[in-house]
Amino acid sequence: MKTGFDDLDERDRRVIRRIAERVHITKNINREFGDTRTFGQRLADQVAEFGGSWLFIIISLVFLAFWTFGNTLALGSHAFDPYPYIFLNLLLSMLAALQAPIIMMSQNRQAAKDRLAAANDYEVNLKAELEIMGLHEKLDDIRTAQLKELLKTQEEQIAILARMVAKLDA
């Protein structure tokens, strides 16, 4: 706070302006960030949410179990993908090739959201710190005024006592 207003970066100047204008600085990051998502971004978030769930893992395990059981025991010599399940490997590779970038898109959006939340937290913390500094200054001013008043009262009492002592000595 030893620098001038013009030497501050834009974010710090914005915080100081909001303090001066007595305006709230907090934002609902979820609402602000969620309202601007495109269809593709919403789809990527849903795919990432499902792909990282226990339901997806359970469905995958059940599918793999049926695939291997069906192509090994049930169909026997008429299996369309016998062991070592090359077609299954192809399907799983294609799923991974599509799912990985979609999940990365969702993670990139979450990282951007986290950066926005961190910037908002910084502004809120800076405003709180400046407000606390202002309160400390006000308390110091009140204490100083009270001490001056107390000192003045004590000086008046000393003067009264000095006059009383002078009258007693006279």
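The values are calculated or read from the model by the stated rules, or taken from the named source; none is laboratory data. Just so it is clear, the structure is predicted and the values come from calculations on it, not from any experiment. As a convention, Cβ positions derive from the backbone with ideal geometry for all residues, glycine included, and neighbour counts pool all protein chains shown. Ligands, DNA and RNA are stripped out before the accessible areas are found, and what is left, the full protein with its side chains, is counted by its heavy atoms. Shrake-Rupley method; radii C 1.70, N 1.55, O 1.52, S 1.80 Å.
Key figures
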{"quantity": "Unique match (being in a helix (DSSP H, G or I) and open to solvent by less than 80 Å² (accessible area, probe 1.4 Å)) among Val62, Val23", "calculated": "Val62"}
{"quantity": "Exclusive hit being at pLDDT 95 or above, surrounded by 10 or more Cβ atoms within 10 Å (Cβ to Cβ) and either basic (Lys, Arg) or assigned to a helix (DSSP H, G or I) (or both), set Leu92, Leu126", "calculated": "Leu92"}
{"quantity": "Looking only at segment 73-89, and only at residues there that are in a helix (DSSP H, G or I) and farther than 18 Å from Val62 by Cα, the one that is least open to solvent (accessible area, probe 1.4 Å)", "calculated": "Gly76"}
{"quantity": "Count of residues meeting criterion [open to solvent by 90 Å² or more (accessible area, probe 1.4 Å) and either within 21 Å of the chain's Cα centre (by Cα) or among the β-branched types (Val, Ile, Thr) (or both)] in segment 143-156", "calculated": "0"}
{"quantity": "Which listed residue, of Arg18, Arg13, is open to solvent by less than 90 Å² (accessible area, probe 1.4 Å), within 27 Å of Ala117 (Cβ to Cβ) and in contact (Cβ under 8 Å) with a residue 24 or more places away in the chain", "calculated": "Arg18"}
{"quantity": "Residue check for Glu32: open to solvent by 50 Å² or more (accessible area, probe 1.4 Å) and either under 24 Å from the mean Cα position of the chain (by Cα) or closer than 22 Å to Ala117 by Cα (or both)", "calculated": "yes"}
